[in-house]
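The values are calculated or read from the model by the stated rules, or taken from the named source; none is laboratory data. Keep in mind that this is a model prediction, so the values were computed, not measured. Here the Cβ positions follow ideal geometry from the backbone for every residue, glycine too, while neighbour counts run over all protein chains shown.
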């Protein structure tokens, strides 16, 4: 059989999606189904003093669930278990769920939701990081801080006296909405002491654990089944646990199936977004541009509950020094509480914030020491054998300078930069070009993968078909196709003889969450190992020769199952050797491996309208062996498009802790007209412990666009922007206050 690795094979879910045959959660119907809705607070902070039900609604026909009705623990289980399923006496943010409604008429449910009034005795709220840190009144305990990390390397305190330059900068990044195509939705059935939930999600076992605790049930009494999911980007990592628990409570109390699906406005207003962040840099630099010491403060707004803030904070801190070697480092990081809806995971989770800051800071360093933006990076790139901020030695082959050269050549960087410099003083439309270099750890941080102890497997049917058993989810990124390729390649079968079993906690093992660029590298490796074990079992049994045809494999499977009853192999995650991590000190091997990238953005800036357009984009990345080049390129292109939105357009507007622009008409994202030609190039350095040598790709591409774009804006107009999104309003204010531009 010819190899299927590295080929752009057809997506195995593509035809149904293109034909409109895929059934998403809102396409599903069940007999006697009710429709659910969530009644939320509109006050940011206070004590609930009463709940009133207005006249004109047949309340006796409704199922109503309040906090005292919860049979288990009133908590959405995740990391700190601090978020209630339903508010019980106290409100911490607007949009906080207070009670649930269900009725057979979905339109009457909406009318009823508007007819519930919640009386709240308001208390002074906190809406930003600065106030959270400054307020003397401690609201959450421990100085309103959810989590803190300190990373230290070398001796930062003694380095300042030896530096030729000490360069400081402060950088800010805003919230960002995931804006997946399909809003959150669940259908729950409760009968005979069991609860089954179907829905749109990334992590079935996260939701399984949350529902189990809310309902007070055992593992075997709760079942989560993923429906076709229209995107996630991290936004369907933890929040489906909330909506699944709500649907389950309504189904349990009503005795009927309940569908709970958010409309776009509710989904945008109530669910987690990317954490706003503030990053401060103080850097000791030698006269030749070499980094001597980096002191970094990284603070994120966690919102009202911790949710995933600890892991976002950790990853952001670990990536805060960028892909550079620095002998002396101190990174202080903290996630603080505010009275806004909790923030959560979004593609890159933490790294886009800190990498924006370090890449902007590298341009500032270049200007100070008199080097080009490319040369200051080249001089400080980390190399094989050197160590990261956590003390992790780089063992993989790595050539960041070669990747930089390739990106600059493909972008025609040097000649364009010269041409733009000579032309810009004569034009209203000014052009600029900027660089970013970055990395992203693949898989969970530190001991995370050991703790998860993920399991995946394969089984064969009597006719020789192979089924992949994993809770890793397809959310549009091509997981099902990629895992099928790995299994087919390992077993020397055609793709037509391999299928993915729908993620269902009653059927598939816990393979961990579909997050953190771990699916290909970690789960793909498990599938590869399980397939190898299956092949060896058949060969040891004498049923299969060392070389075989697909028909001989099918015959061997049939014979084995006839003799033994089943042919199923599960394997559990095994850490690569010599991976050591200290959770207390945040020191050691943070990730088994890293993906690396260099990006170059070309922009135009209209100095009359203050609009910025990205005109061209080049991305060079090392993600190990490329399993499916079209899917991998699609991941890069999609990440860059989201990064363009992060940099220029996506401005979440809050008023009293509530998102004001929670519609697609006033929350602006890049359209196809705003996305430039994106030229994607792969450098393949196979990773020994990834399937067929692959690493992760999903998170990496969103880390670099924002700094490359803002660096290009500075190159075009000479204005140093240190916060994003760089909307026309922000750019106008910066240009006018600088007074450095004269219009032709």
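For the condition under 28 Å from the mean Cα position of the chain (by Cα) and within 30 Å of residue 482 (Cβ to Cβ), what is the one hit in 23, 40?
Just a single option satisfies the conditions, and that option is 23.
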*asked:* Quick test of your reading of the structure: residue 131 fulfils all but one of (1) closer than 30 Å to residue 702 by Cα; (2) touching a strand residue (DSSP E or B) at 6+ places or on another chain (Cβ under 9 Å). Name the failing condition by number.
replied: (2)
_Test result for residue 724, touching a helix residue (DSSP H, G or I) at 6+ places or on another chain (Cβ under 8 Å), assigned by TED's automatic domain parsing to the domain that holds residue 402 and on the phi < 0 side of the Ramachandran plot_ = yes
*buried (at least 24 other Cβ atoms within 10 Å of the Cβ) and either modelled with pLDDT under 95 or over 28 Å from residue 523 (Cβ atoms) (or both): does that describe residue 407?*
yes
_Please verify whether residue 522 is more than 19 Å from residue 13 (Cα to Cα) and surrounded by 23 or more Cβ atoms within 10 Å (Cβ to Cβ), treating the condition exactly as stated._
yes
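For (1) assigned to a loop (DSSP other than H, G, I, E, B); (2) surrounded by 20 or more Cβ atoms within 10 Å (Cβ to Cβ); (3) touching a strand residue (DSSP E or B) at 6+ places or on another chain (Cβ under 8 Å); (4) touching a residue at least 12 places away in the same chain (Cβ under 8 Å), each residue gets a yes or a no:
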position: 423; (1), (2), (3), (4): no, no, yes, no
position: 431; (1), (2), (3), (4): no, yes, yes, yes
position: 434; (1), (2), (3), (4): no, yes, yes, yes
position: 459; (1), (2), (3), (4): no, no, yes, yes
position: 462; (1), (2), (3), (4): yes, no, no, yes
position: 481; (1), (2), (3), (4): no, yes, no, yes
*Test for residue 542: is it outside any helix (DSSP H, G or I), modelled with pLDDT of 95 or more and farther than 30 Å from residue 734 by Cβ*: yes
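Would you be able to say whether some residue in the range 623-639 is without any contact (Cβ under 8 Å) to a residue 40 or more places away in the chain and either in contact with a helix residue (DSSP H, G or I) (Cβ under 9 Å, 6 or more places away or on another chain) or buried (at least 24 other Cβ atoms within 10 Å of the Cβ) (or both)?
no
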*Out of 118, 126, sole residue that is touching a strand residue (DSSP E or B) at 6+ places or on another chain (Cβ under 8 Å) and surrounded by 22 or more Cβ atoms within 10 Å (Cβ to Cβ)*: 126
*Report the residue count in the range 624-634 for those that are part of a helix (DSSP H, G or I) and out of contact with any strand residue (DSSP E or B) (no Cβ under 6 Å at 6 or more places or on another chain).*
5
*Taking the range 547-571 as the region of interest, how many residues are surrounded by fewer than 20 Cβ atoms within 10 Å (Cβ to Cβ) and touching a strand residue (DSSP E or B) at 6+ places or on another chain (Cβ under 8 Å)?*
5
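To keep it simple, each residue is scored yes or no on (1) closer than 30 Å to residue 128 by Cα; (2) in a helix (DSSP H, G or I).
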| site | (1), (2) |
| --- | --- |
| 636 | no, yes |
| 645 | yes, yes |
| 648 | yes, yes |
| 652 | yes, no |
